[in-house]
Every structure is written in C-alpha cells, then in structure tokens.
Amino acid sequence: MQSSINKKSERRAAYLFVIPAVILLLAFLVYPALQTVRYAFTDYNIMRPDRIRFCGFNNFIELFQDENFWIAVKNTLYFTIVVVPFQTLLALGLALLISSKRKGVAIFRAAYFSPQVTSMVVVAILWTVMYNSNPDSGLLNALLVKLGMEPCGFLNDPKTAMNSIIFMSAWQGAGYQMMIFLAGLQGIPKEQYEAASIDGANKIKSFFYVTLPGLKNVISYVVMITVIQAMKLFTQPYVMTKGGPQNSTRTLVYYIYEQGFQKRNFGYACAVAAVFFVIVISLSLGMKKIIKTD
C-alpha cells in the first residue's frame, strides 16, 4: 500500500516537472508551426490583419513559379553541400591535433572553441571588416597586397561572396563539432591502437582502420546536425551581404524573412516556410536512412 502511494506521488511530481516544458513546447513550437501551415493557404498581408482570406494553393503555385525562390534553394543547397564536409573535416582535424596529451593543449582547446561561444552577429561583423575590399581597411586584402597580389572583392563579388561566408561559417562552427569528436576519440579503447601497432600498423593505417570505424556513429551525428544548421543559414547573409550581391547569398530562411517582414507578405512567407520544413525533414529522413543502411 505504501509503495503504491509512493509511486503515485512520484508520478505527480514527474508531471509537475514535465508540464511547464510541455506548455512552452506547445506555445512556442507546435502552435506557431500550425499557424504557419494555416497562413500558408491565406492571402495575409501583415499590414492588414483584418483582411485574411483563404486563397487555396495560390501561394504554393506562385512559389514554384518564383525565380527568386529557386535561387534561394540553390544557394542554400550549395552552402550545405560545401560547408558540411569542410566543417566536419576541419573539426575532426582539430580534434586529432588536441587529443594528444601535450603541454598547452588546454589553451588550444579554448582557442578553437571560443568562436562557437561568440555571438554569430559579432563574428559576422568582424569578418565583414576583415573581408573589406579596401586594402586600407580590409585585413585580408591588405595581406594580399603585401604579398604582391590583387585585392579580392570577397563579399562584393557574386563569385566569391558565398564561398567567403562558407569559410567564415566553418571557422566559427567547427569548435562545437571538435568537442564532439574529441569525446568520441576518448571513447575508443587504447587496446585497439596497441593491437594495431603490434600488427605493424603505422599512424595512417591506425587512423583508417581504428579511428574512423570507432567514430562512425559520431561522424553520422555530426554530419546530421551540421546539415540541419547549414540549412537554417540566415545571420551571416543578413549581417554581411543582405542577400547580395546579385542574390548570390540569398538563402531560404533569408527569403522567408524578406517576404514576411520586409514586404509584409506574410501568407506567402508562410508558404515558403512550409516548403522549407518539408525539405529539411526530407533531408533528415534521407540521411537517417542512408546511415542505417551503412
């Protein structure tokens, strides 16, 4: 009888702890998502909230005929395809460098991780200054001039703007993945390396036959979260380029912001957001299936 009473009290206590989180989840995630789907089928201009009218699939029809939407899709996919392997390899390389027990390793760990805890807005502003096309004020172009090279219009040239954002984003975000890889490296038994060494394997072979197989699940997780974060690219184009030059850095999330808060076309922005949600979910499920197959 007493144990039954204790279980009920424990259950009540559990509900009391869970209910606030559930309320916040419903209020700030589930409800806005449902409202987004609802408004996607309406002709809703945020300046005229009293004139919301149902328009069926008109927003989606207009969306798939919109050239700017496809440009945003292309830019988002390009950013994701390039930054994910680049950032993952950079993070893995940094983790391998600082995994050894040497003096001063803690300093390097803090240095490599510090960009991750710095606000992306601050990082974007700093790199915008560094990318300045004027050699007198742009650090990178000043370095190029001193090396006898021509200045580069990093953010002013459509050919280099997105690549410049990719490099900065990988530099800023690699610290988080580095710590995950570092935890994975510490989880690989030392006996495996000792056995490989006895069998005559050098460091390169040990990396391919011991380290990589031991990090398989970690690599899958890192790639998954990096893809999701890359698809949500917004802050860097907003702060550094405003989607330019010539729409070369306009992404899907930036396009949603542009339609919803600049042009006040809220219904159309919700339709873009709904399609964006489907794209992200499809990519996540596809990657999960591929990982399980492997």
Heavy atoms of the protein only, probe of 1.4 Å, neighbouring chains included. What is the accessible area of Lys263 in Å², nearest 10? 120 Å²
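Averaged over all directions, how much area does the convex hull of the C-alpha atoms of region 128-239 cover when projected, in nm²?
Working: hull surface 40.0 nm².
The number I arrive at for region 128-239 is 10.0 nm².
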Accessible surface, per residue, of the chain when the full set of protein chains is kept, probe 1.4 Å, Å²: 62 Å²
Using only the alpha carbons of region 191-294, determine the length spanned along each of the three principal axes and report them from longest to shortest in whole angstroms. 67, 30, 19
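Below 10 angstrom from the Cβ of Thr76, what's the summed charge of the other residues (Lys, Arg +1; Asp, Glu -1)? Write out the running numbers ahead of the final one.
On the way: positive: Lys74, Lys232, Arg250; negative: none.
After counting each charged neighbour, the total is +3.
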Under 5 Å between amide hydrogens, which residues at least 5 positions from Thr42 or on another chain qualify, with H placed 1.01 Å from N in the peptide plane? Cys55
Go through Asp199, Asp43, Asp66 and list them by solvent-accessible area, largest first, probe radius 1.4 Å. Asp199, Asp43, Asp66
For Met162, Met120, the accessible-area ranking with a 1.4 Å probe, largest leading, is Met120, Met162
Could you rank Leu144, Leu97 by how accessible they are, 1.4 Å probe, largest area first? Leu97, Leu144
Only helices at least 30 Å long along their axis, Cα-based, and averaging 1.6 or more on Kyte-Doolittle count here, so list those DSSP H runs from the chain. 266-293
Report, please, the projected area of the chain averaged over directions, based on the convex hull of its C-alpha atoms, in nm². 25.2 nm²
Out of Ala269, Ala142, Ala124, a Gaussian network model of the chain with alpha-carbon springs under 10 Å gives the largest mean-square fluctuation to Ala142
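For region 11-119, build the convex hull from the C-alpha positions and give me its volume per residue in Å³. List each step's numbers first, then the result.
Values: hull volume 26.0 nm³, N = 109.
Looking at region 11-119, the number lands at 238 Å³ per residue.
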Interatomic Cα distance distribution for region 66-219, bins of 5 angstrom, percent: 2, 8, 13, 15, 15, 14, 11, 9, 7, 4, 2, 0, 0
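At a 1.4 Å probe, what is the % contribution of carbon and sulfur to the accessible area of the chain?
Values: 11840 of 18190 Å².
Carbon plus sulfur share of accessible area: 65 percent.
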Please work out how many pairs of lysine residues in region 148-283 are eight or more positions apart (or on different chains) and have Cα atoms closer than 21 angstrom. 9
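The values are calculated or read from the model by the stated rules, or taken from the named source; none is laboratory data. Because the structure is a prediction, the values reported are computed rather than measured. So basically every Cβ, Gly included, is an ideal-geometry build from the backbone, and we count neighbours across all protein chains shown. Note: areas computed on protein heavy atoms with side chains; ligands, DNA, RNA excluded. Shrake-Rupley method; radii C 1.70, N 1.55, O 1.52, S 1.80 Å.
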